[in-house]
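Chemist: Questions regarding the structure given below will be posed in turn.
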Amino acid sequence: MKKALLVFSFIFLIFSVSAFAQKDKDKQIPIDILLEQDAKHNLKVAWQYFRLKKAYKASLMRTEETIAAHPTFSKMDEVLYLAGMSSYYLSEGKGKQKINLAMLNKDDQKRYAPKRLREDAIALLNQLITDHPDSKYAKKAKKTLKKIDPKE
């Protein structure tokens, strides 16, 4: 009798746990929503670095993370604008974060060389104009591109 009660309790426990697990599974947040929330957070932090701290390297790193992790982000136009402008300002030596190329490893020296940063800025701002022509940042991007490369 004790064995039967023990087996019945064990079976009941297994079914209860699986039903509870299924209930939790139904409550899981889809990955797209999580990516969107993470991208929005990165964008907010990137704007803070960009506007308040003039920390263009930090802003660029945040935007690059978003571009790589969530290319379908709903505010990709803003991300591209921030990345392009951060690259441009870094190439000009602006901001509070100065890049000392001598202190960087070979890969980062290439990555943060002024010429490369200008090329990246041009590519990012052109991508913004091409992919999001109706964005409020497209006009600003065109204006900046004319400064970087007057023949554009």
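The values are calculated or read from the model by the stated rules, or taken from the named source; none is laboratory data. All values derive from a computational prediction rather than experimental measurement. A quick note on method: Cβ atoms are made from the backbone with ideal geometry, for glycine too, and the neighbour counts reach across all protein chains shown.
Chemist: Restricting the search to region 69-88, which residues are of a type in the set (Ser, Thr, Tyr), within 16 Å of residue 133 (Cα to Cα) and assigned to a helix (DSSP H, G or I)?
Modeler: Passing the criteria: only 81.
Chemist: Pull out all pairs, ordered by first then second residue, where Cβ-Cβ is under 7 Å, the residues are six or more apart or on different chains, the first lies in region 72-85 and is under 21 Å from residue 114 (Cα atoms) and of a type in the set (Phe, Trp, Tyr), and the second is modelled with pLDDT of 95 or more and part of a helix (DSSP H, G or I).
Modeler: Pairs that qualify, where the first residue is under 21 Å from residue 114 (Cα atoms) and of a type in the set (Phe, Trp, Tyr) and the partner is modelled with pLDDT of 95 or more and part of a helix (DSSP H, G or I), are 81/128; 81/137; 81/140; 81/141.
Chemist: Being within 15 Å of residue 123 (Cβ to Cβ) and under 17 Å from the mean Cα position of the chain (by Cα): is that true of residue 63 here?
Modeler: So residue 63 passes the test.
Chemist: Among the residues in region 101-108, are any in contact with a helix residue (DSSP H, G or I) (Cβ under 8 Å, 6 or more places away or on another chain) and in contact (Cβ under 8 Å) with a residue 24 or more places away in the chain?
Modeler: Looking for residues that are in contact with a helix residue (DSSP H, G or I) (Cβ under 8 Å, 6 or more places away or on another chain) and in contact (Cβ under 8 Å) with a residue 24 or more places away in the chain, one finds none in region 101-108, hence no.
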